[in-house]
Amino acid sequence: MSRTSTLRISRRFLRVWQRNLMVYQKNWKISFIPPFLEPLFYLIAFGIGLSGLIGNVRYQGAEISYVQFIAPALIGVSIMYNSFFETTYNSFVRMYYQKTFDAMLATPLSLEEVITGEIVWGATKSLIAAAIMMVVITSFGLIQYPEGFLLLPLAVLGGIAFGSVGMFFTAVVGNVEMFNLPVFLFVTPMFLFSGTFFPIENLPPWAQHAALGLPLTHLANLARAFATGHYQTILLWGTGYLLLFSLVFFPLALLKMRQRLIK
Amino acid sequence: MVYGFSPMDGGSLQVFGLDISRDWRQIKSRIGVCQQENSLDPDLTVLENLEVFARYFNIPRKQAREKAKELLSFIALDHRLNAPVAELSGGLMRRLVLARALINTPDLLILDEPTTGLDPQSRHQLWDRLEGLRKKGISILLTTHYMEEASRLCDRLIIIDHGLILVEGKPEELIREHVGRDVIEISGPTLQLRSFLQSHQVTNEDLGHRLIVYFEDRGELYQRIALDYCREGCVMRTATLEDVFLKLTGRELRE
C-alpha cells in the first residue's frame, strides 16, 4: 500500500454508481419484475397454503397472523439478496470478465471510489426492491405507517452491510464458481434460520445464540418491528449490529480489493 | 505504475513534474490509456462508452457529447453511434478504445500493444490515426513487440529486456549502429562460404542452417557471395529494427 497524503474516496464514486444506474435503466422493466412478483408468490403460497396449518404466531406478546409474520421478513431477505448478489456475481463479471474496473482505474477514479460506487449501487438495488415490495405488501394491508417508512433507510443500511460482505467475497474468490461457498454456507442458512419463516425462539438455545450472530436475524427483526409498528429501544442493538457489520466489512472489502487489483 | 496499476516498491516517480504518490488524480486526469485487454463496456453503446468515460473525468455532459462525436468521426465510427459494443469487429473496438483514451484531451497517451492480434487493414488504420495524433503534438508512450510498428511510429525508442534498458535512440540510428545498412540471409551455407566470411572478417550470425550477414558496402559483397557461394537461397534486404532487437535480446524463446 502506498503512502498517500490525499484522501482516496471523494464524491466521484457517484460516477461509478451512475454508470450502473444507466445500465439498470436500460432494462428496468425486467429488473422490476422479481421484487414485484416475489412477495406475491410467497404471500400466496404461505399466506393461503400454510397459514391454515399454522394459524397465528406470537410476536411481542401479541398474536399476529402468519402472513403478517413473514411479509416483513421477505423484505429483509430481498434487501440481502439484492445487494449481496449485485456485489458478488455482477461485480465479479464487471471486474473479471468485462475489465470494467481496469478501464475505470485508468481515469481519475481511485480503486476505493470504484468499489464504494459498486457497494452503494448494491444498496440502491436493495432500496429499489424494498420500495417495490412495500407497495405490494401494503396493498395487502400488512404494513403500518408511518413506522413502515423506516423500512427505506433500513434497506440502505442492510444493503451497505450485505453489499460490503459480498464485495469482500468478490475480492477473495478465485473464480465465479467459488461463490457457491458463501451462498450455501452463509446466505441460504440465513434465509432459513434468521427468524424469517419461524420465530428464532423455536430453535434450541445454542442455535438461538448462533442466529443472533447473523446479520439477517437483525435485519428481519427490524423489518418486522417497523412493519408492525412495534419498535422498541432494544432494536437499537440490531441497528448497531448492522452498522458494526458494515464498519468491519466495508474497509475490509476495500483493502482486499486493493490487494487483488493493484499488483 | 504511471497510471496506478502497480504499486511502487521504491524510489520516486514523477509525471508532468508531479509526484505520482501525491498528485495521482491530477496526473491521471491528464493521461489517456489504451490497455492491452479490451476493456470497453459491453453493457453500453458506442457513444455511451465515450460519454460515461467522460463522466469519470468530470467532463460536463454537453462538452463530453461534442468531444465524443468529434472523436467518433476521427476514428470513422460516427455512423454507428448507437451500436452495442459487442457488434464491433476487433479493429473497430481497438479504434474505439483509442477514441476513449482521447476523451479527456490528454497530454500523454499511453498505448499498451495497441495492434496485437489485428488484421493488416485494421493495423494500418490505427497507425494512420496515431501518426495524425503525433503530428498534432500529443506525446505518445507506446509498448509493442512489433518492430515494424516501433520503427514507423517512434521518435525515440528504448529496447528493454528483463527490466533493463539495453539501448535507446532513434530507430534509424539504432539500426545503423547495431546492424548496419544491409543484411544478407543465407539458407544452407556451405563450408567455403563460412571460411570466406571468416577470412574477410564480415560480421555475421550463425544459426546453423542459416547465416545472417550484416554489412555496409551496398551490394558488392552480396554480388560476390551470391555468384561464388550460393546461387540459391541467398537474399539481400535492408536492415530493420527486428535485426537489432534479435541481435540484442537473443533468439531463444521467452516465457
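Side notes on the structure shown:
- Considering residues of segment B:23-65 that are among the aromatic types (Phe, Trp, Tyr) and either under 21 Å from A:TYR24 (Cα atoms) or assigned to a helix (DSSP H, G or I) (or both) only, the residue nearest to the other protein chains (Cβ to nearest Cβ): B:TYR56
- Sole exception among (1) closer than 26 Å to B:HIS145 by Cα; (2) out of contact with any Leu (no Cβ under 6 Å at 6 or more places or on another chain); (3) surrounded by 12 or more Cβ atoms within 10 Å (Cβ to Cβ) for B:ARG237, by number: (3)
- The one condition from (1) within 30 Å of B:ASP112 (Cα to Cα); (2) in contact (Cβ under 8 Å) with a residue 40 or more places away in the chain; (3) surrounded by 16 or more Cβ atoms within 10 Å (Cβ to Cβ) that B:ILE184 does not meet is (1).
- Within segment B:204-221, not a single residue is in contact with a Cys (Cβ under 9 Å, 6 or more places away or on another chain) and either surrounded by 10 or more Cβ atoms within 10 Å (Cβ to Cβ) or modelled with pLDDT of 80 or more (or both).
- Long-range neighbours under 7 Å by Cβ, at least six apart or interchain, first residue in the same structural domain as B:LEU109 (by TED's automatic domain parsing) and touching a residue at least 12 places away in the same chain (Cβ under 8 Å) within segment B:6-29, second exposed (fewer than 14 other Cβ atoms within 10 Å of the Cβ) and among the charged types (D, E, K, R): B:SER21/A:ARG3
- B:ALA68 meets each of the listed conditions (1) surrounded by 20 or more Cβ atoms within 10 Å (Cβ to Cβ); (2) within 26 Å of the chain's Cα centre (by Cα); (3) more than 22 Å from A:SER10 (Cα to Cα); (4) within 7 Å of another protein chain (Cβ to nearest Cβ) apart from (4).
- Residue ID - surrounded by the most Cβ atoms within 10 Å (Cβ to Cβ), chosen from residues in segment A:102-119 that are within 25 Å of A:ILE79 (Cβ to Cβ) and of a type outside the set (A, V, I, L, M): A:GLU118
- Taken over segment A:31-53, residues that are assigned to a helix (DSSP H, G or I), hydrophobic (A, V, I, L, M, F, W, C) and closer than 17 Å to A:SER83 by Cα amount to 2.
- Residues located in segment A:9-22, provided they are assigned to a loop (DSSP other than H, G, I, E, B) and within 9 Å of chain B (Cβ to nearest Cβ): A:SER10, A:ARG12
- In segment A:72-172, counting only helices (runs of 4 or more DSSP H) that sit wholly within it, the ones holding 2 or more residues that are within 14 Å of chain B (Cβ to nearest Cβ) and of a type outside the set (A, V, I, L, M, F, W, C) span A:100-105, A:111-138.
- Verdict on B:LEU118 being buried (at least 16 other Cβ atoms within 10 Å of the Cβ), more than 23 Å from B:MET147 (Cα to Cα) and either more than 12 Å from every other protein chain (Cβ to nearest Cβ) or under 18 Å from the mean Cα position of the chain (by Cα) (or both): no
- Of the candidates B:GLY4, B:GLY11, the single residue that is more than 8 Å from chain A (Cβ to nearest Cβ) and in a loop (DSSP other than H, G, I, E, B) is B:GLY11.
The values are calculated or read from the model by the stated rules, or taken from the named source; none is laboratory data. In this text the structure is predicted, and so the values were computed from the model without any measurement. Neighbour counts are summed over all protein chains in view; Cβ atoms, including those assigned to glycine, are modelled from backbone coordinates with ideal geometry.
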